[in-house]
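Peer 1: Handing you a structure now.
The values are calculated or read from the model by the stated rules, or taken from the named source; none is laboratory data. Everything numeric here is computed off the predicted structure, so don't read it as measured data. Positions of Cβ are backbone-derived with ideal geometry, glycine not excepted, and every protein chain shown enters the neighbour counts. Each accessible area value is taken on the protein alone, full model and side chains, heavy atoms only, with ligands, DNA and RNA left out. Shrake-Rupley method; radii C 1.70, N 1.55, O 1.52, S 1.80 Å.
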Amino acid sequence: MSRKALITGITGQDGSYLAELLVAKGYEVHGLVRRVALEDPGHRLRRITTVRDQIVLHAGSLESFPSLFQVVRQTQPDECYHLAAQSFVSYSFDDEFSTLNTNINGTHYVLAALTAAAPECRFYFAGSSEMFGKVEETPQAETTRFHPRSAYGISKVAGFDLTRNYREAYGLHASSGILFNHESPRRGYEFVTRKITAGAAAIASGKARELRLGNLEARRDWGHAPDYVEAMWAMLQQDTPDDYVVATGETHSVREFCEMAFSLVGLDYREHVVTDPALYRPAEVDMLVGNAAKARKALGWCSRTDFQSLVRMMVEADCCAAGVEPGNRR
Ligand code: NDP
Ligand code: GDR
């Protein structure tokens, strides 16, 4: 009998790649989606079109314990990947309250529903390098102290602590991935990488003239999302639940990302990128770079996609969508 997986956040970047991975591995895949997604599938289910006919979707929301309990009770999953969250750090400054409510209570509800209705299920929590925030050492590892700098980061620290506590108090097989930034052509347009690659393609095709960005000096450890969902799966295949940093170990600035993306479409970013102070965050995370040695040793995981290949792949996808050849300026 095939194993059953429940993915919350299946319509997001990571959820879509994870659903494809698990379907390819022969899992029976169930996904939690908001009711509006079922009403507007063309737009809201666009990332999961390749597997739409091979998965089962259930309406539910992170705000509603009964909806989560019902889905867990019905599906009886062997593995649950809890990816759903308000994931945009910038927005968490505009609405701290809803970010904390959705991310902390949502995680708590999923953990409580599993403990009550499917206690043998293995659980994955989508932790984040934003938990390190104002970093206390470099590179950051599982032992580095957390110092979150946003409501988003705080909500992920709370989710991480809840996950660990359900492991210790109730014996749930619960693991957290502390994932550093990972990107792809499916990344949301609000995140800086996709904003840059889509912006460069729009400028190259003559549809836009400038791209407004915030802090160009922030540094991130950017990997490729399909590589990262493999680490999530590997964590739940371990006999003992644990927490793992997942990262490339390399860091680059937003400025370097711009430079490379624009050069791939034959443009000089300095002629098009405008720095807008309104896009700076009230508290910034200046520099992140992860040490994934534990994941490498225990899970056999390593990042397979380098920075240049990642930027190229995203630029090519956005150029293709904008009807422009990479390297050709219109
Ligand atoms: P996305 O923003 O692409 O996807 C978020 C998902 O959560 C969407 O499916 C969204 O559904 C769902 N969601 C949001 N709010 C609710 C809600 N109230 N009820 C039900 N579903 C909801 O995120 P990613 O795929 O990039 O990230 C996946 C997870 O990993 C997130 O928890 C994120 O915080 C975390 N993470 C991501 C990293 C990255 O670099 N990508 C790094 C570290 C952690 P809808 O489509 O309806 O909006
Ligand atoms: P991040 O990703 O906050 O790291 O969270 P984002 O791409 O939003 O920002 C990265 C860095 O770029 C700077 N920046 C800008 N960011 C955005 N979005 N828009 C801009 O115009 C802009 N200009 C500069 C930011 O200040 C920041 O320093 C992502 C999310 O996926 C989280 O869910 C996840 O937990 C972390 O990565 C790890």
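Peer 1: With N set to the number of residues, divide the alpha-carbon radius of gyration of segment 156-236 by 2.2 N^0.38 Å and report two decimals.
Peer 2: Dividing the Cα radius of gyration by 2.2 N^0.38 Å gives 1.54.
Peer 1: If you roll a 1.4 angstrom probe over the protein chains with everything in place, what fraction of the accessible area of segment 56-192 belongs to carbon and sulfur, to the nearest %?
Peer 2: Taking all protein chains in place, segment 56-192 shows 51 percent carbon and sulfur surface.
Peer 1: Let me ask something else about it. Amide H to amide H, which residues 5 or more places from Leu211 or on other chains are under 5 Å from it, using H placed in the peptide plane?
Peer 2: Correct list: Val273, Val274.
Peer 1: Under the √(5λ) rule applied to the eigenvalues of the Cα gyration tensor, what semi-axes describe the equivalent ellipsoid of segment 184-278? Give them in Å, descending.
Peer 2: With the √(5λ) rule applied to segment 184-278, the semi-axes are 32, 14, 11 Å.
Peer 1: Write down the accessible area per residue of the chain in Å², having rolled a 1.4 Å probe over the full set of protein chains.
Peer 2: On the way: 14430 Å² over 330 residues.
On a per-residue basis, the chain sits at 44 Å².
Peer 1: By the gyration tensor of its Cα atoms, with a ≥ b ≥ c the square roots of the eigenvalues, what is the shape of segment 29-112: rounded for a/c under 1.5, prolate for a/b over b/c, or oblate? All intermediate terms of the calculation are to be shown ahead of the outcome.
Peer 2: Values: a/c = 2.07, a/b = 1.24, b/c = 1.67.
The shape class here is oblate.
Peer 1: In the chain, what percentage of the DSSP-assigned beta bridges are antiparallel, given to the nearest 5?
Peer 2: 5 percent
Peer 1: Next question. If I model the chain as equal point scatterers sitting on the Cα atoms and use the Debye formula, what is log10 I(q)/I(0) at q = 0.07, 0.09, 0.11, 0.15 Å⁻¹?
Peer 2: Taking Cα atoms of the chain as identical point scatterers yields -0.28, -0.46, -0.70, -1.29.
Peer 1: May I ask you to give the percent of accessible area on segment 283-330 that is carbon plus sulfur, with a probe radius of 1.4 Å?
Peer 2: Of the solvent-accessible surface of segment 283-330, carbon and sulfur hold 46 percent.
Peer 1: Further question on the same structure: Given H placed on each backbone N at 1.01 Å, which residues far from Gly290 in sequence or on other chains put an amide H within less than 5 Å of it?
Peer 2: Amide H to amide H, under 5 Å and 5 or more residues apart or across chains, Gly290 pairs with Gln140, Thr248, Gly249, Glu250.
Peer 1: Give the residue list of chymotrypsin sites (Phe, Trp or Tyr not before Pro) in segment 100-196 that are DSSP loop and have at most 15 other beta-carbon atoms within 10 angstrom.
Peer 2: Qualifying residues, ordered by number: Tyr189.
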